[in-house]
Amino acid sequence: MSRCFCELADCFLLMSDRTTNPLPDYERPPVIEVVYGVQFSPLPELRTPLIGLFWQAIKADYPKFKEMPVLAPVIERFDQEAKTEQPTLELLQEAPLPRLFFLDAQENWVMQVQSDRFLHNWKRVTDDDIYPRFNVVSQKFFQAWERFSEFCRSENISKPKLNQLELTYINHIPVHENHTIAEEITGIFPDIVWRKGHDFLPIPESLSWKTSFLLPNRLGRLHVSLRQARRIKDNAPTLLFELTARGIPGISELDHVKEWFALSREWIVRGFSDLTNSDVQKTVWNRKA
């Protein structure tokens, strides 16, 4: 039986499981940004003048514009020697296309384009911004991706050949005023414990944690990281808890891409639930029954 057929059968089983075993849900989730992304072979025809044409086509919905540093390609590998392909130095004959941000008027929605990557973000800009939920974020991404794909077709740009998908949830968890970082992390993340009673070392000034988990059938990995940060608006200490699923299905048709994102979302949401304190989920983030 082929790997692709097995993956298809497993996808149907996973879809059924999500129906019978609903995902954890929260009234006040700490998520401040969700990023959908696809990576593909570089499109040499996609040059700056064409990007200008593309912006004109989407400017009514994304009227703001920024230039940002290019993201290096990263691809998940599953051999024993290297889990993730690292960026390599490449000599170019001409300057690379920058990564371009197209933002809506409120800057909650961001479309990112570079020669080998397309991303779409929802992000919280003000405290009043409410997370619009996964279905809305997903729909906005696929609508934006279709607009970009249609633009490539209309301008005779090569069809993007996908080589990686990624989905990221970024969470901000405020640190209580009278808590140390070690106390806050220990109280929220039961798998990370700073034991008391060290003979010499004091309570650590900062803590960070990073790990990864294989997705079913090696469809990718869930990367999890936790580190100390500070909010830009008020410099308040915050725990930055980031979960990223990265990989690709054996078949790159749209239905399989959508199912990969649905599976990755499930792993992120259930992973978040597994890794955080159940009491905090109920009392702080109002986990629904």
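Computed from the coordinates by the stated procedures, all read-outs in this text should not be read as laboratory data. Bear in mind the structure is a predicted one, so any value in this text is a computation, not a measurement. Virtual Cβ from ideal backbone geometry, glycine too; neighbours counted across all protein chains shown.
You can think of it this way: the chain between residue 231 and residue 278 has 14.4 nm of extra reach, that is 0.36 nm per residue less the Cα-Cα gap. A DSSP coil position with no more than 11 other Cβ atoms inside 10 Å describes the following GluC sites (Glu not before Pro) in the range 218-267: 253. The range 209-259 and the range 119-176 have Cα centres spaced 14 Å apart. Between the helical axis of 48-58 and the longest alpha-carbon principal axis of the chain there is an angle of about 70 degrees.
Within the range 164-236, the proportion of Cα pairs with more than 13 Å between them is 75 percent.
To the nearest 0.05, what FRET efficiency results for residue 50 and residue 194 with a Förster distance of 45 Å applied to their C-beta separation?
Working: r = 53 Å, r/R0 = 1.17.
In this case the efficiency is close to 0.30.
Listed by chain and number, the lysines whose alpha-carbon sits under 17 Å from that of residue 59, ignoring those within fewer than 8 places in the same chain, are 140.
Using 0.36 nm per residue and subtracting the Cα-Cα separation, the extra length available between residue 74 and residue 136 on full extension is 19.6 nm.
Find, among the GluC sites (Glu not before Pro) in the range 141-200, those assigned to loop by DSSP (not H, G, I, E, B) with at most 10 other beta-carbon atoms within 10 angstrom. Can you show the working numbers first?
Numbers: sites: 146, 150, 155, 166, 177, 183, 184; in loops: 155, 177.
Counting only loop positions with at most 10 other Cβ atoms within 10 Å, the GluC sites (Glu not before Pro) in the range 141-200 are 177.
Taking label points 7 Å from Cα along the Cα-to-Cβ direction, residue 106 and residue 211 give a separation of 3.7 nm.
To the nearest µm²/s, what D does Stokes-Einstein give for the range 214-289 at 10 °C and 1.306 mPa s, using the Kirkwood radius over alpha carbon pairs as Rh?
The diffusion coefficient I find is 109 µm²/s.
Scoring 196-204, 271-279 by mean Cβ neighbours within 10 Å over their residues and listing the highest first yields 271-279, 196-204.
So if R0 is 41 Å, what FRET efficiency would residue 203 and residue 253 give, r being the distance between their Cβ atoms, rounded to the nearest 0.05?
Working: r = 52 Å, r/R0 = 1.28.
For residue 203 and residue 253, the calculated efficiency is 0.20.
With respect to the chain, whose longest principal axis is taken over its alpha-carbon atoms, helix 254-275 is tilted by about 10°.
Taking the convex hull of the alpha carbon atoms in the chain, what volume per residue do you get, in Å³?
With only Cα atoms used, the chain gives 181 Å³ per residue.
If you add up the charges near residue 205, with Lys and Arg at +1 and Asp and Glu at -1, over every other residue whose beta carbon is less than 15 angstrom from its beta carbon, what do you get? Provide the component values of the computation, followed by the final result.
Working: positive: 227, 230; negative: 183, 184.
Around residue 205, the charge tally is 0.
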